[in-house]
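Worksheet: the structure to be examined is printed underneath.
The values are calculated or read from the model by the stated rules, or taken from the named source; none is laboratory data. In this text, all values refer to a predicted model and were calculated from it rather than measured experimentally. Heads up, the Cβs are rebuilt from the backbone with ideal geometry, glycines too, and the neighbour counts pull from every protein chain shown. All accessible areas refer to the heavy atoms of the entire protein, side chains included, with ligands and DNA or RNA removed. Shrake-Rupley method; radii C 1.70, N 1.55, O 1.52, S 1.80 Å.
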Amino acid sequence: MITATIFVLMMTPGLSFFYGGMVGAKNVISTMLQSFIAMGLITVLWVVFGFSLCFGNDIGGVIGDPTTFLMFQHVGADTFTTSTGKLVGGATIPLALYALFQMKFAIITPSLITGSFAERVRFSAYMFFMMWFFVVIYCPLAHMTWHPDGLFLKWGVVDFAGGIVVHASSGVAALAGALFLGRRATATKNAEPANIPFVLLGAAMLWLGWFGFNAGSSLHADGMAVKAFLNTTTASATAMMTWIFFDCLRGRKPSAMGAAVGCVVGLVACTPSAGYVTVGQTIFIAFVITIICNIAVYWRSQSRLDDALDVFPTHGTGGIFGTVMTGIFIQEGLISGTWQGVVVFLYHLLAVAIVIVYTFGMSYLGYWIIDKLLPMRVSLASERVGLDFSQHDEHYGLAHIGERELAEYEEHIREKYAAEK
């Protein structure tokens, strides 16, 4: 479990490479930092009160008591029993290790959102939104899904490693962000990604880290962990090849970008069911969801929606349909052919609907509130010169910034300071 925890943390810098390589050269550093910074901010919030909100003593099946593990009190080498007599994290590992493992899930979830509003979000405003998302959206969803007294768990909803808690929630929040912030002023359909080798490196780190993400969610060194491991790598391989061949069938050339996106879609697709379904079922799930996501990416590219790195068409769609497939293929699900199986499947649909509506509504509210206090979007001059330079005074390569853009940005700064003075 210590090893699995390390692997899950590695996914966040992997995501920063994955996203950083996709954006334009003027926004590589800012995009990577938006993921990387979560390892600092969410870790502190998790230790202070986040773990308690997710796994503290139950309040109405929706949220945990924030005082249960406040400042990590009672989080140590021993196990912990809730006020209802149920173990948090099981009986085989220390509670502190379970808390650290779950922390890594909380870190990567808001990082996934950043791809939707890449190249136009103000860094300080994004930090505030990350905190809003973590407290208002992630913690309740994690509690309802994974706490032994959580509402979704009581309904029989299965989310092995984060199909709805991580991917559906981040994808829907990304959709809300793309709608709220609007299109990039500099967006073009044929924009060149800055570094495709970064994308491949990030995808490889995500694939490797996902073994800890899924197999570690068994919380044991047992057959279920091995099944999750097998299903994870099989789903990713299936999705990568499906994405490539489907692109070819649609008249496109096989691309490194397509292979990288495809393998990540497969990882997302298998996440909610990884420990419960057969490898044959996993291949079917990955194949179907990859085609759905590929079509969703195409539809998004033809629309006015500027989800810059296709977070909703990949993570959101993959997490939603992966959860629906889980309700079909788990042993107690629709495939059982019983009335109880129908009920379990319908509860999965209900949970997905609740997550979509709640996450979209609260995310949009968060964007709106923060925007009133601190504009979420950078100025036009800042966007044109790139966020690396305008937000962080750093650059991936000044050659990508034209003299006209720099002059316009400097004039903008002078006018801003004059107005403040």
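Comparing T233, T338, T242 in a Gaussian network model of the chain, where Cα atoms under 10 Å apart are tied by springs, the biggest mean-square fluctuation is seen for T338. Placing unit charges on each Cβ (+1 for Lys and Arg, -1 for Asp and Glu) gives the chain a dipole about its Cα centre, and among V28, H395, G251 the Cα reaching farthest toward its positive end belongs to G251. Here's the picture: charge each Lys and Arg Cβ at +1 and each Asp and Glu Cβ at -1 in the chain, and of Y98, T43, L230 the one pushed furthest to the positive end of that dipole is L230. Taking Cα atoms, how many degrees apart are the long axis of helix 256-270 and the longest axis of the chain, rounded to 10 and kept between 0 and 90? Once rounded, the angle reads 30 degrees. The alpha carbons of the range 329-421 give a radius of gyration and a Dmax of 24.7, 72 Å, in that order. Any chance you could give the angle, 0 to 90 degrees and rounded to 10, that helix 2-22 forms with the longest Cα principal axis of the chain? The two axes meet at around 30 degrees. The alpha carbon centroids of the range 290-365 and the range 1-44 are separated by 24 Å. Treating cross-link reach as a plain straight distance, find the lysines whose alpha-carbon is under 25 Å from the alpha-carbon of K416, omitting any fewer than eight places away in the same chain. Cross-link targets: K26, K372. The charge dipole of the chain, taken about the Cα centre with unit charges on the Cβ atoms of Lys, Arg (+1) and Asp, Glu (-1), comes to about 620 debye, rounded to the nearest 20. Between the Cα long axis of helix 223-249 and the first principal axis of the chain there is an angle of about 40°, rounded to the nearest 10.
Dipole magnitude of the range 1-147 about its Cα centre, charges +1 at Lys/Arg Cβ and -1 at Asp/Glu Cβ only, in debye to the nearest 20? Could you put the intermediate results ahead of the total?
Details: 5 positive and 4 negative charges, 79 e Å.
The calculated dipole for the range 1-147 is roughly 380 debye.
May I ask for the net charge around T82, where only other residues with Cβ less than 11 Å from the Cβ of T82 are counted and Lys, Arg are +1 while Asp, Glu are -1? Present the calculation step by step, with values, prior to reporting the outcome.
Details: positive: K86; negative: D58, D65, D149.
Around T82, the charge tally is -2.
For the range 237-300, the equivalent ellipsoid derived from the alpha-carbon gyration tensor has semi-axes of 21, 11, 10 Å in decreasing order. Considering only W132, W339, S83, and ranking their Cα positions along the charge dipole of the chain that arises from unit charges at the beta-carbon of Lys, Arg, Asp and Glu, the one farthest toward the positive end is W339.
Its Cα centre serving as origin, the range 270-421 has a Cβ charge dipole (Lys and Arg +1, Asp and Glu -1) of approximately 600 debye. For the range 102-154, the extents of the C-alpha atoms along the principal axes are 41, 17, 15 Å, listed from largest to smallest.
Converting the Cα gyration tensor eigenvalues of the chain into ellipsoid dimensions via √(5λ) gives semi-axes, longest first, of 35, 26, 18 Å. For the chain, adding -39500 (n - 2.57) for each run of n ≥ 4 DSSP H residues and dividing by the number of residues yields -20000 deg cm²/dmol at 222 nm. Out of every Cα-Cα pair in the range 213-335, what percent are more than 23 Å apart? Every Cα pair in the range 213-335 considered, those over 23 Å come to 29 percent. All alpha carbon pair distances within the range 272-409 were sorted into 10 Å bins beginning at 0; the resulting P(r) in whole percents reads 10, 24, 26, 20, 13, 6, 1. Heavy-atom accessible area for D307, with the other protein chains in place and a 1.4 Å probe, reaches approximately 0 Å².
Of all accessible surface on the chain at a 1.4 Å probe, what whole percent is carbon and sulfur?
Working: 11260 of 16620 Å².
Here carbon and sulfur together make up 68 percent of the probe-accessible area.
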